[in-house]
Amino acid sequence: MDERYPELFLMDDPKSVVSEAFRMLRTNLQFASVDRPLKKIMVTSSVPQEGKSTVIANLAICIASAGSKVLLVDADLRRPNIYKLFLLENYKGLSNLLAENLPKDAVINKTKVENLHVITSGPVPPNPAEILGSARMKNFLDQVASEYDMVLIDAPPVNSVADASILSSLVDGVILVVEAGSTEREAAIVAKQQLEKVNARILGVVLNKVKQEKSGGYYYYYYYYGEEGKKRKKKKII
């Protein structure tokens with residue numbers, strides 16, 4: 001019997017409205033990287049349970065399906081979820097690579113999606129912020145960025161811990177996930193301000209779990225704003 005991946009829409013239902021929305025997100029990211037290459041992208045949220053892991057997992061599948069070699073890294077060392085989405089073991093992963101100096105090949109998982117590899121979080125360490133901000137983490141990201149077309153990093157929520165702010169200095173851009181009808185406006189604003197304080201390059205916001213009136217299902221909106229369109233778009237996404 002085939003395994004089911006209910007939250008991985010690009011695998012479970014590639015012709016769905018949700019899957020098409022992720023293809024639009026992929027296209028928008030391609031336009032966003034015209035002037036500055038995007039090799040390392042972090043996805044985060046303002047608070048827990050806004051769907052950031054589901055968003056980044058589907059985005060990874062979407063980019064890999066287009067022919068790019070993609071590495072998805074679960075850097076949420078406190079409440080990891082990527083291994084669950086891809087039905088992987090998590091007894092060793094990023095935390096082992098950083099704390100025990102394991103070679104990356106020892107923690108890279110192949111997936112059923114061609115061109116997509118995954119590094120799970122590994123066991124929860126006692127000092128997540130410290131190891132994520134280490135020189136070893138920076139060197140690791142620089143190394144894999146030279147070997148993959150795209151490196152996607154799932155980070156903890158911005159407002160909960162310092163991890164996302166630390167990681168934002170190591171990547172080329174950040175996507176913020178906001179859950180429609182659930183995320184408080186003030187929480188989203190604080191998250192955006194916190195990222196700006198550390199000079200993160202905010203690429204845009206994914207408005208998640210917007211109800212589709214005709215079918216009653218859920219789909220994803222992506223709003224990209226650059227310097228020219230920032231003022232016009234800002235009211236829509238925060």
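The values are calculated or read from the model by the stated rules, or taken from the named source; none is laboratory data. Keep in mind that this is a model prediction, so the values were computed, not measured. With ideal geometry, Cβ positions are generated from the backbone for all residues, glycine too; neighbour counts draw on all protein chains shown.
Here is a yes/no grid of residues against (1) free of Cβ contacts under 8 Å to residues at least 60 places away in the same chain; (2) closer than 22 Å to residue 50 by Cα; (3) surrounded by fewer than 20 Cβ atoms within 10 Å (Cβ to Cβ):
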position	(1), (2), (3)
127	yes, no, yes
136	yes, no, yes
161	no, yes, yes
167	no, yes, no
task = Among the numbered conditions (1) touching a residue at least 24 places away in the same chain (Cβ under 8 Å); (2) within 19 Å of residue 200 (Cα to Cα); (3) not in a loop (DSSP other than H, G, I, E, B), tell me where residue 63 comes up short.
result = (2)
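Does residue 101 fit the bill of being polar (S, T, N, Q) and modelled with pLDDT under 95?
Numbers: polar (S, T, N, Q): yes; modelled with pLDDT under 95: yes.
Against the criterion (polar (S, T, N, Q) and modelled with pLDDT under 95), residue 101 qualifies.
In region 94-129, how many residues are in a loop (DSSP other than H, G, I, E, B) and out of contact with any Asp or Glu (no Cβ under 7 Å at 6 or more places or on another chain)?
Residues flagged as in a loop (DSSP other than H, G, I, E, B) and out of contact with any Asp or Glu (no Cβ under 7 Å at 6 or more places or on another chain) within region 94-129 amount to 15.
I want to confirm something. Restricting to region 6-29 and keeping residues that are charged (D, E, K, R) and over 11 Å from residue 59 (Cβ atoms), which single residue is surrounded by the fewest Cβ atoms within 10 Å (Cβ to Cβ)? Lay out the reasoning, then the answer.
First, the residues of region 6-29 that are charged (D, E, K, R): 7, 12-13, 15, 20, 23, 26.
Subsequent filtering for residues that are over 11 Å from residue 59 (Cβ atoms) retains 7, 12-13, 15, 20.
On the way: 7: 17, 12: 15, 13: 13, 15: 7, 20: 16.
Among those that are charged (D, E, K, R) and over 11 Å from residue 59 (Cβ atoms), it is 15.
Return yes when residue 47 is under 18 Å from the mean Cα position of the chain (by Cα), closer than 14 Å to residue 156 by Cα and surrounded by fewer than 23 Cβ atoms within 10 Å (Cβ to Cβ) and no when it is not.
Details: under 18 Å from the mean Cα position of the chain (by Cα): yes; closer than 14 Å to residue 156 by Cα: yes; surrounded by fewer than 23 Cβ atoms within 10 Å (Cβ to Cβ): yes.
Answer is yes for this residue.
For every residue, the table says whether it meets (1) in contact with a strand residue (DSSP E or B) (Cβ under 8 Å, 6 or more places away or on another chain); (2) touching a residue at least 40 places away in the same chain (Cβ under 8 Å); (3) more than 30 Å from residue 13 (Cβ to Cβ); (4) crowded, with 20+ Cβ neighbours inside 10 Å.
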position	(1), (2), (3), (4)
98	no, yes, yes, yes
146	no, no, yes, no
171	yes, yes, no, yes
188	yes, yes, no, yes
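Residues are listed down the side, and each one gets a yes or a no for (1) hydroxyl-bearing (Ser, Thr, Tyr); (2) under 15 Å from the mean Cα position of the chain (by Cα); (3) under 28 Å from residue 64 (Cβ atoms); (4) not in a helix (DSSP H, G or I):
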{"residue": "144", "(1), (2), (3), (4)": "no, no, yes, no"}
{"residue": "153", "(1), (2), (3), (4)": "no, yes, yes, yes"}
{"residue": "156", "(1), (2), (3), (4)": "no, yes, yes, yes"}
{"residue": "164", "(1), (2), (3), (4)": "no, yes, yes, no"}
{"residue": "178", "(1), (2), (3), (4)": "no, yes, yes, yes"}
{"residue": "196", "(1), (2), (3), (4)": "no, no, no, no"}
{"residue": "199", "(1), (2), (3), (4)": "no, no, no, yes"}
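It is to be established whether one or more residues within region 34-42 are surrounded by fewer than 20 Cβ atoms within 10 Å (Cβ to Cβ), out of contact with any Lys or Arg (no Cβ under 6 Å at 6 or more places or on another chain) and modelled with pLDDT of 85 or more. Write out each step before concluding.
Restricting attention to region 34-42, the residues satisfying the condition of being surrounded by fewer than 20 Cβ atoms within 10 Å (Cβ to Cβ) are 34-39.
Restricting the remaining residues to those that are out of contact with any Lys or Arg (no Cβ under 6 Å at 6 or more places or on another chain) gives 34-39.
Imposing the further condition that a residue be modelled with pLDDT of 85 or more reduces the set to 38-39.
Checking region 34-42: at least one residue is surrounded by fewer than 20 Cβ atoms within 10 Å (Cβ to Cβ), out of contact with any Lys or Arg (no Cβ under 6 Å at 6 or more places or on another chain) and modelled with pLDDT of 85 or more.
Restricting attention to region 84-93, report how many residues are in a loop (DSSP other than H, G, I, E, B) and without any contact (Cβ under 8 Å) to a residue 40 or more places away in the chain.
Narrowing region 84-93 to residues in a loop (DSSP other than H, G, I, E, B): 86-93.
From what is left, the residues that are without any contact (Cβ under 8 Å) to a residue 40 or more places away in the chain are 88-93.
Matching residues across region 84-93 total 6.
The rows are residues; the columns are (1) within 20 Å of residue 13 (Cβ to Cβ); (2) over 14 Å from the mean Cα position of the chain (by Cα).
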| residue | (1), (2) |
| --- | --- |
| 40 | no, no |
| 56 | yes, no |
| 76 | no, no |
| 87 | yes, yes |
| 95 | no, yes |
